[in-house]
Amino acid sequence: MFQIGFNTSTRNIVIACLLLSTITFGVYFKTASHEFLNYDDAEYVTENPHVVSGITGSNIFWAFTTSHSANWHPITWISHMLDVQIYGMNPRGHHITNVIIHTVNSVLLLLLLLRFSGALWQSLFVAALFALHPLHVESVAWIAERKDVLSAFFCFLTLLFYGEYSRNLKPAFYILAFLSFMLGLMSKPMLVTLPVIMLLVDLWPLDRYRYARDDQCLRHLFGRFLSLVKEKIPFFLLSVLSAIVTFLAQALDNSVVSPHDIDFNIRTINIVISYVKYIVKTIFPHNLAVYYPYPTSFQIWMIFVSFTILIIVTTLVIRFGREYPYLPMGWFWFLFTLVPVIGLIQVGSQSMADRYSYIPLVGLFIMVAWGIPDLTRGLKHRNSLLTFFASAIIFISAILTWQQLDYWRDSTSLFKHALQVTTDNDVAHYTLGLALFHKGDLDGAIKEFQETLIITPDFKGANIVLEKAIALKNISNQSE
């Protein structure tokens, strides 16, 4: 499974990597002219004294011992400090770092899938969608989401090292995989489900269940599964440790929403609907927003349709999993990598977030990249049609991403767009109000704070800043 395909020359691989990296960097370089945002960027960079003073011994110690921003991610903090050390407080450099890491991630994903499967074109299609899908704009264009691109880098690196270990069982690759996983968790703890993904990769494309499956004995198959789980015990233990540390950090920061704040039934329904919304936004990336308010109620038909879709797809991928193992691998990759942020433990007040899809969508892309060619076997002019539609999808994705990047140029543009595509968005009104307030647009700020309080009357921050804006406006009127 690890051999490069017969028709895959080194020259083609190099061309594919250069083409992918050039297009990805070219599209996202637009962010070089973007500003810092007033939404988390201050907490992560501009108003964080440990970051703005750059790389120092005390700052590195702080990075490893703090639960600031409701997370323990020292590698992310150090990366921001390094940016300040290199670029100062010019947002251009901080944005370019995100773009570079995202570009490297895209190439790494291409090489990872190619190394595993030997299928250049399917691997390139997945990597190009990962690089250029509009849902990934938030992870790259938002400086505070450095943790997304960093954790994905270590995720793909872990899987690459793990694949090499599974090929020759050399302890050095196992150790490298473990260290990469550790660095990934220290970038963003969302990677806690990566050991499960390693078990899925064992199914496809590594095919490590092959001999037990061929034996047609469930006892042998289960035994093989247990041996593969046992092999990953250190990874699972590290995940458990990271989950405990993360929960404690978020509890200390009061980021974990009490079960009494959001009804359990509402949370459960939102989980089911959110899974389907991610799929819908993958296929039709429309009305993307930096913040999606938590719904207070759901339509019955939406609950029924969402639940039915999840059950049908899960049943089908299991039913055809033996013949097409990439289907359960891709589907459960998508489901499991979203588990930490899907709302089982509610952190924050958002119902979902585009940034959460950064790694999970790889699973869906794999299902499409390998599934469509199998589905169209025997079709006349199949290769030409597949090439045309794949190119069209990637081109459209690049155009939509280019357009979506415009909304991220500054806080005002970002939250005005969020208000255009969502309803009852108190956070968007409030944050837009802050942006207008700092620009000196007191009338606009007052209007937004008032809208915030109409939606959420007990929004303390909005009340405080509204009073301040009204006082400043009165002073200004008197001076005139």
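The values are calculated or read from the model by the stated rules, or taken from the named source; none is laboratory data. Just so we're clear, the structure is a prediction, and the values are computed from it rather than from any experiment. Note that we place each Cβ from the backbone using ideal geometry, even for glycine, and neighbour counts take in every protein chain shown.
Pull up the range 119-154, narrow it to residues that are of a type in the set (Gly, Ala, Ser) and under 20 Å from Leu200 (Cβ atoms), then point me to the one that is modelled with the lowest pLDDT. Even if it seems obvious, please write down each step before you answer.
From the range 119-154, those of a type in the set (Gly, Ala, Ser) are 119, 123, 127-128, 131, 139, 141, 144, 151-152; that's our starting set.
Within this subset, residues satisfying the condition of being under 20 Å from Leu200 (Cβ atoms) are 119, 123, 127, 151-152.
Numbers: Ala119: 94, Ser123: 97, Ala127: 98, Ser151: 98, Ala152: 98.
This residue is Ala119.
Suppose the filter is at positive phi, surrounded by 14 or more Cβ atoms within 10 Å (Cβ to Cβ) and either in contact with a Pro (Cβ under 8 Å, 6 or more places away or on another chain) or in contact (Cβ under 8 Å) with a residue 24 or more places away in the chain (or both); does Ser21 pass it? Talk me through it step by step, then tell me what you get.
Working: at positive phi: no; surrounded by 14 or more Cβ atoms within 10 Å (Cβ to Cβ): yes; either in contact with a Pro (Cβ under 8 Å, 6 or more places away or on another chain) or in contact (Cβ under 8 Å) with a residue 24 or more places away in the chain (or both): yes.
So Ser21 fails the test.
Considering only the range 160-188, state which residues are crowded, with 24+ Cβ neighbours inside 10 Å and part of a helix (DSSP H, G or I).
Tyr162, Ala177, Phe181, Gly184, Leu185
Go through (1) surrounded by fewer than 22 Cβ atoms within 10 Å (Cβ to Cβ); (2) in contact (Cβ under 8 Å) with a residue 24 or more places away in the chain; (3) over 30 Å from Leu199 (Cβ atoms) one by one and return the number of the condition Phe332 breaks.
The single condition Phe332 does not satisfy is (3).
Quick one: in the range 35-69, which of the residues that are surrounded by fewer than 19 Cβ atoms within 10 Å (Cβ to Cβ) and either of a type in the set (Gly, Ala, Ser) or not assigned by TED's automatic domain parsing to the domain that holds Pro189 (or both) is farthest from Gly433 (Cα to Cα)?
So, considering only residues that are surrounded by fewer than 19 Cβ atoms within 10 Å (Cβ to Cβ) and either of a type in the set (Gly, Ala, Ser) or not assigned by TED's automatic domain parsing to the domain that holds Pro189 (or both), the one farthest from Gly433 (Cα to Cα) is Gly57.
Can you confirm whether the range 419-426 contains a residue that is touching a strand residue (DSSP E or B) at 6+ places or on another chain (Cβ under 8 Å) and assigned to a helix (DSSP H, G or I)?
yes
State which residue is nearest to the chain's Cα centre (by Cα) when the search covers only the range 86-118 and only residues that are among the small types (Gly, Ala, Ser) and at pLDDT 95 or above. Please lay out each step first, then the result.
Start the filter on the range 86-118 by keeping residues that are among the small types (Gly, Ala, Ser), which leaves 88, 93, 106, 117-118.
Okay, now just the ones that are also at pLDDT 95 or above, so 88, 93, 106.
Working: Gly88: 27, Gly93: 22, Ser106: 13 Å.
Out of the qualifying residues, it is Ser106.
Checking Met89 against (1) farther than 19 Å from Asp148 by Cβ; (2) crowded, with 19+ Cβ neighbours inside 10 Å; (3) among the hydrophobic types (A, V, I, L, M, F, W, C), which single condition isn't satisfied?
Here Met89 clears every test but (2).
When Trp402 is evaluated against the numbered criteria (1) crowded, with 17+ Cβ neighbours inside 10 Å; (2) assigned by TED's automatic domain parsing to the domain that holds Thr315; (3) out of contact with any His (no Cβ under 7 Å at 6 or more places or on another chain); (4) of a type in the set (Phe, Trp, Tyr), which criterion, by number, is the only one it fails?
All conditions pass for Trp402, except number (1).
(1) closer than 23 Å to Thr193 by Cα; (2) within 17 Å of the chain's Cα centre (by Cα): which one isn't true of Ser349, the others all being true?
(2)
Which of the residues spanning the range 342-372 are under 22 Å from Leu108 (Cβ atoms), of a type in the set (Val, Ile, Thr) and in contact with a helix residue (DSSP H, G or I) (Cβ under 7 Å, 6 or more places away or on another chain)? Full working, then the answer.
The initial filter retains those residues of the range 342-372 that are under 22 Å from Leu108 (Cβ atoms), namely 354-370.
Filter once more, keeping what is of a type in the set (Val, Ile, Thr): 359, 362, 366, 368.
Listed by number, the residues that qualify are Ile359, Val362, Ile366.
Only residues that are among the small types (Gly, Ala, Ser) and in a loop (DSSP other than H, G, I, E, B): list them for the range 38-75, please.
Ser53, Gly54, Ser67
Only one of Asn71, Asn12 is polar (S, T, N, Q) and either at pLDDT 95 or above or within 21 Å of the chain's Cα centre (by Cα) (or both); which?
The conditions single out Asn71.
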